[in-house]
Amino acid sequence: MIAVLCAADPANAWDPQATPTDVTLETLTVEGQAGPRGVVPPYAGGQVAQGGRLGLLGNTETAKSPFSISSYTDTFVRDRQASTVSEALALDPSVRATQTTGAPFDSLSVRGFPMSEGISGEIAFDGVYGIAPTFRVFADYAERIEVLKGPSAGLSGMPPNGGIGGVINVVPKRAGEDLTRVTLDYGSLARGGGQIDFARRGGEGREWGVRFVGSLHRGDTPIDRQAETTGVGALALDYQGERFRAWLYLLAQTNQFRAPLRPFLLKAGVPVPKAPDGRLNLTQPWESGTVDDHGGLLRLEYDLTDTTTLFADIGGSQTSVSRIFASAPTITNAQGDTTTNPQFYGLESSRFTADGGLRTGFDTGPIHHAVAVQASYYREEIGRWLSPMRSSYRSNIYNPVLVPPLAVPVTGARPRFFDSTLTGVTVADTMSALNERILLTAGVRRQTVEAHNYAVNVPVITTSYNKSAVTPFVGLVLRPWDNVSVYGNYIEGLSRGDFAPAVATNSGTALAPYVARQVELGVKVDWGSVSTNLAAFRITKPSGELGPDRVYAQTGEQQIDGLELTLYGEVIPGIRALGGVTFFDGTLTRTVTAANIGHKPIGVPGVQVNFGGEWDIPGVPGLTLDGAVVHTGRQYLDAANLQAVPDWTRFDLGARYATLIGGHRTVFRANVINVANAKYWTGVASYGTFFQAAPRTYLLSMSVDL
């Protein structure tokens, strides 16, 4: 649904040779691989890029962006040994994972709003929804992982699942300099595997490129009775001609879990019990799940003139799910007793996406215009079977019990459950003057949402939806000095309105799309080798509620005020820092339950701290130590603010050693996640579920560039 600015555009023509030196061994310098054309180069320290993608506006320098964006590099992801996008974002102060390691899905919140686990993928792939896997996105094929913070319907289109806190985008790996890298890794308890990363360019002008990334991992995790198998294959082909450019991405991955962790529900009126040891696992060894994903994207660009480019994207994906386990065990008392109802869940989904448009630039007197026009189409069809809950078992979070396999009916049927069609047209113009000292971006998108819901396990339409909305956006950047940018923006987010439930007098009525609104002011300062961003924002989002007259209407609203400070770069030679802090003031501003007005929204903490540092040890070339702290404030599980999980803090440590072995660059990495083996409840999802934290986990790896 989104297109990216091509490398021919001056704002996107990043120098692939700008990648900094990776390691110095006395008088020998070992160069890192130069990035592929069109990928934003890293900032000082190599952990964060100098800019990122602003939806249809394309790649934009951080200093010239009227929005907050962070773009994490492949180097940072590999050094943290992050296997998924969720793990790779552990040091972003605006992001929090609401699941834990050992869960069969990733669920995140951005700026206090959930990108919920669901049947519609919320993560974009090279700027396009509908390509990335649905439940977990692995980091193997990511060159950059970008977070565009705040609602962005005008820039990026409506996310398929309606998340409004921000956009997470995976920039896929593609061929830059020639590369053959082999990585072997091992994690506690007994899970290991390997990855191969291969890239070549050819042709008279090196216009042809190929990149392949493949990995396989399997074994027991540090969680009791749990085992996981993952396989990833990603192929990127590209052609970079004088005026014509093309990229083809093919992606496949499988994820199999035995005894996956599940989120907990807490019975009303029950106080939150103390969190158990992270190794304990309530899930039975006969409960399991398998998710297979396949996707592909073709991207085309053609320069009509030096200032006008046509672009088009076409692609899609398929997801297949088969699993037997409970959605969420319920904790029934303060002693940690639980009731679990396992079910069979089978799902088949298919997505198709296409977009096209043009970008052009021209001057009107002293003002330069960069205009983008785009039309997009997204289609999703989902078939699902959910077995009835015929049996259950009892257990305890502190003393899990093993029970024989329960009779859970399994079928290959996948009757239609849901379908939706999203169409939109966007027009945007970035106006700049005084040598880009002043930049004003304005645009508008018209989005139409058509959807059908079907009865459970029966392909009969129960409710239909066909609504449209117009979402404007505007952003201003003032640059009084080269290294200082003062910015502000107003932008809206869009979510599909709910259907009135069966108990409502207007049952089946479709509410209008929920329009979230953000106002943000901030200042960005580049101190030379350290960059900081201080942002103050307010986001309001309406919601549907069942009133005392049993009419379902858009009467609820929550507001989150935030103050966000981020920092990254090389503080002094050999010492790097990354992270920040976000303070939240969340409030239920409107609700039919008058007693809840002024309460904290579910899952919104008062503070989030994510901060990491690296230190190159003097006198030992190639040796680096790193550490990180992650803290989350108290979070409520209910709108009445009667149940809350306590605040928590986690510490991570790591080390790596880069050297030459037989003339080949080799890097050894060791990380310990949750060093103190802290026991806590992790992030709270919007519907009040929560996970136990993962135990102390050891990660080891060795990578060799052949």
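Residues in segment 506-547 that are of a type in the set (A, V, I, L, M, F, W, C), surrounded by fewer than 17 Cβ atoms within 10 Å (Cβ to Cβ) and in a loop (DSSP other than H, G, I, E, B): 2 in all.
When segment 321-335 is filtered for residues that are outside any strand (DSSP E or B) and crowded, with 21+ Cβ neighbours inside 10 Å, the ones remaining, listed by number, are ALA326, PRO329. Selection of strands (runs of 3 or more DSSP E) fully inside segment 656-706 by the criterion of at least 3 residues being closer than 19 Å to LEU189 by Cβ, at pLDDT 95 or above and touching a Lys or Arg at 6+ places or on another chain (Cβ under 8 Å) returns 664-673, 697-705. Answer yes or no as to whether ASN457 is outside any strand (DSSP E or B), free of Cβ contacts under 8 Å to residues at least 60 places away in the same chain, surrounded by fewer than 19 Cβ atoms within 10 Å (Cβ to Cβ) and in contact with a Phe, Trp or Tyr (Cβ under 9 Å, 6 or more places away or on another chain). For ASN457, the condition - outside any strand (DSSP E or B), free of Cβ contacts under 8 Å to residues at least 60 places away in the same chain, surrounded by fewer than 19 Cβ atoms within 10 Å (Cβ to Cβ) and in contact with a Phe, Trp or Tyr (Cβ under 9 Å, 6 or more places away or on another chain) - is not met.
So, LYS600, is that one in a loop (DSSP other than H, G, I, E, B), surrounded by 21 or more Cβ atoms within 10 Å (Cβ to Cβ) and basic (Lys, Arg) or not? Yes, satisfied. Taken together, the criteria place ASP185 among residues that are closer than 26 Å to ALA577 by Cα, charged (D, E, K, R) and touching a residue at least 24 places away in the same chain (Cβ under 8 Å). May I ask you to verify whether ARG211 is outside any loop (DSSP other than H, G, I, E, B), over 28 Å from LEU358 (Cα atoms), modelled with pLDDT of 95 or more and of a type outside the set (Val, Ile, Thr)? Taking the combined requirement at face value, the residue does not satisfy it.
State whether one or more residues within segment 371-384 are part of a loop (DSSP other than H, G, I, E, B), out of contact with any helix residue (DSSP H, G or I) (no Cβ under 8 Å at 6 or more places or on another chain) and not acidic (Asp, Glu). Scanning segment 371-384 turns up no residue that is part of a loop (DSSP other than H, G, I, E, B), out of contact with any helix residue (DSSP H, G or I) (no Cβ under 8 Å at 6 or more places or on another chain) and not acidic (Asp, Glu). Per the listing VAL609, VAL592, the residue uniquely part of a strand (DSSP E or B), touching a residue at least 24 places away in the same chain (Cβ under 8 Å), under 29 Å from PRO646 (Cα atoms) and out of contact with any helix residue (DSSP H, G or I) (no Cβ under 7 Å at 6 or more places or on another chain) is VAL609.
Pairs meeting the criteria (first residue in segment 637-651 and more than 17 Å from ASN333 (Cβ to Cβ) and free of Cβ contacts under 8 Å to residues at least 12 places away in the same chain, second residue of a type in the set (Ser, Thr, Tyr) and part of a loop (DSSP other than H, G, I, E, B), beta carbons under 7 Å, at least 6 apart or on different chains) are lacking.
Could you identify the single residue in LEU588, LEU563, LEU578 that is among the aliphatic types (A, V, I, L, M), closer than 23 Å to PHE473 by Cβ and at pLDDT 95 or above? Result: LEU563 is the single residue among LEU588, LEU563, LEU578 that is among the aliphatic types (A, V, I, L, M), closer than 23 Å to PHE473 by Cβ and at pLDDT 95 or above. Evaluating LEU91 against the criteria (1) assigned to a strand (DSSP E or B); (2) modelled with pLDDT of 95 or more leaves one unmet condition, (1).
Going by the structure shown, is ARG181 surrounded by fewer than 19 Cβ atoms within 10 Å (Cβ to Cβ), out of contact with any Phe, Trp or Tyr (no Cβ under 7 Å at 6 or more places or on another chain) and not polar (S, T, N, Q)? No.
ARG200: over 18 Å from PHE138 (Cβ atoms), touching a Lys or Arg at 6+ places or on another chain (Cβ under 9 Å), part of a strand (DSSP E or B) and modelled with pLDDT of 95 or more, yes or no? So ARG200 passes the test. Name the single residue, out of those in segment 637-655 being outside any strand (DSSP E or B) and among the charged types (D, E, K, R), that is surrounded by the fewest Cβ atoms within 10 Å (Cβ to Cβ). For segment 637-655, the residue satisfying everything is ASP647. Checked against (1) under 20 Å from GLU450 (Cα atoms); (2) under 24 Å from the mean Cα position of the chain (by Cα); (3) not in a loop (DSSP other than H, G, I, E, B), GLY497 passes all but condition (3). The single condition among (1) more than 23 Å from GLY162 (Cβ to Cβ); (2) over 25 Å from the mean Cα position of the chain (by Cα); (3) hydroxyl-bearing (Ser, Thr, Tyr) that THR591 does not satisfy is (1). Within segment 408-432, the residues that satisfy the criterion of being surrounded by 14 or more Cβ atoms within 10 Å (Cβ to Cβ) and among the small types (Gly, Ala, Ser) are SER420, GLY424, ALA428, SER432. Within segment 274-320, if we keep just the residues that are part of a loop (DSSP other than H, G, I, E, B) and among the aliphatic types (A, V, I, L, M), the residue that is nearest to TYR345 (Cα to Cα) turns out to be LEU282. Of all residues in segment 201-222, one or more are under 30 Å from ASP705 (Cα atoms) and of a type in the set (Phe, Trp, Tyr). Quick check on this structure: which one of LEU358, LEU347 is touching a residue at least 12 places away in the same chain (Cβ under 8 Å), more than 30 Å from TYR680 (Cβ to Cβ), under 24 Å from the mean Cα position of the chain (by Cα) and assigned to a strand (DSSP E or B)? Result: LEU347 is the single residue among LEU358, LEU347 that is touching a residue at least 12 places away in the same chain (Cβ under 8 Å), more than 30 Å from TYR680 (Cβ to Cβ), under 24 Å from the mean Cα position of the chain (by Cα) and assigned to a strand (DSSP E or B). Tell me whether segment 436-446 contains one or more residues that are in contact (Cβ under 8 Å) with a residue 40 or more places away in the chain, assigned to a strand (DSSP E or B), of a type in the set (S, T, N, Q) and surrounded by fewer than 16 Cβ atoms within 10 Å (Cβ to Cβ). The answer is no; no qualifying residue exists. Number of residues in segment 224-273 that are within 18 Å of SER320 (Cβ to Cβ) and either in a loop (DSSP other than H, G, I, E, B) or among the hydroxyl-bearing types (Ser, Thr, Tyr) (or both) equals 4. Tell me, which residue of segment 218-258 that is touching a residue at least 60 places away in the same chain (Cβ under 8 Å) and hydrophobic (A, V, I, L, M, F, W, C) is nearest to PRO285 (Cα to Cα)? Among them, the one singled out is PHE257. State whether the residues of segment 568-584 include one that is surrounded by 19 or more Cβ atoms within 10 Å (Cβ to Cβ), over 19 Å from PHE76 (Cα atoms) and in contact with a Lys or Arg (Cβ under 9 Å, 6 or more places away or on another chain). Looking through segment 568-584, at least one residue is surrounded by 19 or more Cβ atoms within 10 Å (Cβ to Cβ), over 19 Å from PHE76 (Cα atoms) and in contact with a Lys or Arg (Cβ under 9 Å, 6 or more places away or on another chain).
Looking across segment 675-702 at every residue that is farther than 15 Å from THR221 by Cβ and hydrophobic (A, V, I, L, M, F, W, C), the one that is nearest to the chain's Cα centre (by Cα) is identified as ALA685.
The values are calculated or read from the model by the stated rules, or taken from the named source; none is laboratory data. Everything numeric in this text was worked out from a predicted model, so none of it was measured. With ideal geometry, Cβ positions are generated from the backbone for all residues, glycine too; neighbour counts draw on all protein chains shown.
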